[in-house]
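First the structure, in the form of structure tokens, and then the observations on it.
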Amino acid sequence: MSLQPIDSQQRIQNLDVIRGFSLLGIFIVNMIAFHSPVYYYDPYAWWGDSLNRQAYWWIDVFVQASFYPIFAMMFGAGLALQFVRAQQKNTRFSSFAVRRLGVLLAIGMVHAFLIWSGDILITYAVTGFILIWMLKMSGKMLLTLGFIIYFLPQTLLAGIMFFAAMVDPTTVTYFSSVQDIESSVANYGSGSFGQIFSQRLEDWQYANDPSAFVSIIIVILPLMMIGAGAAKVQLFQKAKEKKMLLGICTLLFLGAGIAVKTSPYWGEQNLAFVFTQDYVGGPLVAMSYMTLLLLIMTAPVTAKLLQPLAKTGRMALTNYLLQSVIGTIIFYNYGFGLYGEVTLSTGTLIALGIFFMQVIFSELWLSKFSQGPMEKLWRKLSYSRK
């Protein structure tokens, strides 16, 4: 017996709502990279004028580094649920999972090198190859190890960076690369397709050199473990039975997360504070958003109101890739060529408007079809038909 795809009746709406919500935050952050050379400048200086300062503060505290962890946890949860289904049906999971992740890796490579350098699918696929061999652990074990493996090294690294800052403050100072900024603006804003491709490749290599790629895997893997553990203890399916726990977790995670996320504003705007903000505060706020959504979804009225967001989450792969296609068409020279010409506030409003249209698009598409176009392709290439 081969493993078959999940139909719409078997889906867990809570997961789809959270996944759809994460797409909104991811798009708001990615939009900054679509229209500006984010890899190469000091954001506090770049967005420091009065027009952009408030928008950057809002994104920095409530959005930046707090939505990709949700997406990673949902990815882990999805793999865990597929693993549980395979066990229930007494079917082989590992070969299916490897094939499915291999397809995702190929899609990510096309996305990264032909559309946008900030792709996350490659990282998720590679990390997923590791996670599938850990799914035999219990849900509680996955949750415990996930928290330890994530927060222990990040806290230690933050401590090392703060110590380095005390010894020599210049080691954690932001520096902008004027040459790389000018190159990005010239190539994306007015370059040929070949120049845009070269710049995209250079940006991907800058963000994904071997040490950086391994570091990203180390960050993403425990987040996926946490999501997988939450799925295996049935947190998403039994949210109504765990309302007290969800309420406590929301308050604790949100309070601690916001305190850390605001640290560059009550501390110093250097790499030590920003690292702590993103890698310690970011996931804490992400977990508070996730538990808050689960709490909200326990009310039938709210669950019904959020169905459009759930449909957006059902088409997560399609919508994620579509965001990149639309974003690059707007800002790259083979489209409207607006790279480097919009304010942060304008870019954020554009992201919100496009996402609203994606919600409508997802609703209309799923009224006619059972799944999104990219989900259908992924499914066709992943499931055997023996």
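May I ask you to compute the full-extension gain from residue 145 to residue 62, defined as 0.36 nm times their residue separation minus their alpha-carbon distance, rounded to one decimal in nm?
This chain segment gains 27.2 nm when fully extended.
When only Cα pairs under 8 Å and 6 or more residues apart are kept, what is the percent relative contact order across the stretch 226-315?
32
How about the stretch 332-368: which chymotrypsin sites (Phe, Trp or Tyr not before Pro) there are in a DSSP loop, with at most 14 other Cβ atoms within 10 Å of their Cβ?
334, 336
Which of the peptides 46-58, 282-294, 165-177, 246-258 is most tightly packed, and how do the rest follow, going by the mean number of other Cβ atoms within 10 Å of each residue?
Highest to lowest by the protection proxy: 282-294, 246-258, 46-58, 165-177.
Where does each of 73-86, 217-230 land if you order them by average Cβ count within 10 Å, highest first?
217-230, 73-86
When the label point is put 7 Å from the Cα of residue 89 along its Cα-to-beta-carbon vector, which residues of the stretch 357-385 have a backbone N closer than 15 Å?
Within reach of a label on residue 89, which here means backbone N under 15 Å from a point 7 Å along Cα→Cβ, the stretch 357-385 contributes 379-385.
Looking at the chain as a GNM with Cα springs under 10 Å, which of 178, 29, 342 has the largest mean-square fluctuation?
In the Gaussian network model the winner is 178.
Given a Förster distance of 45 angstrom, what is the FRET efficiency for residue 110 paired with residue 152, based on the Cβ-Cβ distance and rounded to 0.05?
0.80
Structure shown: which of 238/380; 136/238; 89/376; 89/232 lie over 28 Å apart, alpha-carbon to alpha-carbon?
238/380
Dipole magnitude of the chain about its Cα centre, charges +1 at Lys/Arg Cβ and -1 at Asp/Glu Cβ only, in debye to the nearest 20?
Using Cβ point charges on Lys, Arg, Asp and Glu, the chain gives about 2540 debye.
According to a simple spin-label model (label point 7 Å from Cα along Cα-to-Cβ), what is the distance in nm between residue 234 and residue 170?
6.1
Place +1 on the Cβ of every Lys and Arg and -1 on the Cβ of every Asp and Glu in the chain, take the dipole about the Cα centre, and give the residue among 256, 159, 358 whose Cα lies farthest towards its positive end.
About the Cα centre, the residue reaching furthest to the positive side is 358.
³J(HN,Hα) across the stretch 267-280 via Karplus (A = 6.51, B = -1.76, C = 1.60, θ = phi - 60°), whole Hz, x for Gly/Pro?
Per-residue couplings from phi come out as x, 10, 8, 10, 5, 5, 5, 5, 4, 5, 4, 7, 9, 10 Hz.
Mean separation of Cα pairs under 8 Å and 6+ residues apart, divided by the residue count of the chain: what relative contact order is that in percent?
Dividing the mean separation by the residue count of the chain yields 33 percent.
A short reminder: the numbers here are calculations on the coordinates, not readings from a lab. As the structure is a computational prediction, the values presented were derived from the model and not from experiment. Cβ sites come from the backbone with ideal geometry, for glycine too, and all protein chains shown count toward neighbours.
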